[in-house]
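The block underneath contains the structure these notes are about, expressed in structure tokens.
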Amino acid sequence: MISLLLASYIATHNGQPRRPLNHGQVRRRSHQIVQMLKKEDPRVLRSVMYYMGWVPKFEYKKNDCKKNKDPVLDMLMDEAGIPKGTK
């Protein structure tokens with residue numbers, strides 16, 4: 001009998017929607033979360049932010065800066081004394 005009452009109590013209270021938080025509750029909850037996150041490793045935070053999409057994704061490309069494709073630009077850079085490895 002007690003197990004039936006306990007099961008019905010758990011089933012009814014888990015299905016009810018939560019009331020929205022007021023401003024003070026939101027501030028207190030956010031403060032708790034910030035305090036918890038300050039204790040975490042920065043790599044974990046970076047990973048979480050990346051996973052949540054809060055960090056822009058960069059595409060790293062190798063630039064061909066050793067060779068210039070324009071022979072006129074090569075000649076001008078040689079005359080100016082600029083090394084060929086920089087642009």
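The numbers here are math on the coordinates, done by the rules we state, and not lab data. What you are looking at is a predicted structure, and each value in this text was computed from that prediction instead of being measured. Please note: Cβ atoms are built from the backbone with ideal geometry, for glycine as well, and neighbour counts cover all protein chains shown.
By the count of neighbouring beta-carbon atoms within 10 Å, fewest first, His23, His31 end up ordered His23, His31.
Residues Met49, Met77 in ascending order of nearby Cβ atoms (within 10 Å, fewest first): Met49, Met77.
In order along the range 26-32, phi translates into HN-Hα couplings of 5, 5, 5, 5, 5, 5, 4 Hz, rounded to whole numbers, per the Karplus curve 6.51 cos²θ - 1.76 cosθ + 1.60 with θ = phi - 60° and x for Gly and Pro.
Taken along the Cα-to-beta-carbon direction at a fixed 7 Å, the label points for Glu79 and Ser8 span 9.7 nm.
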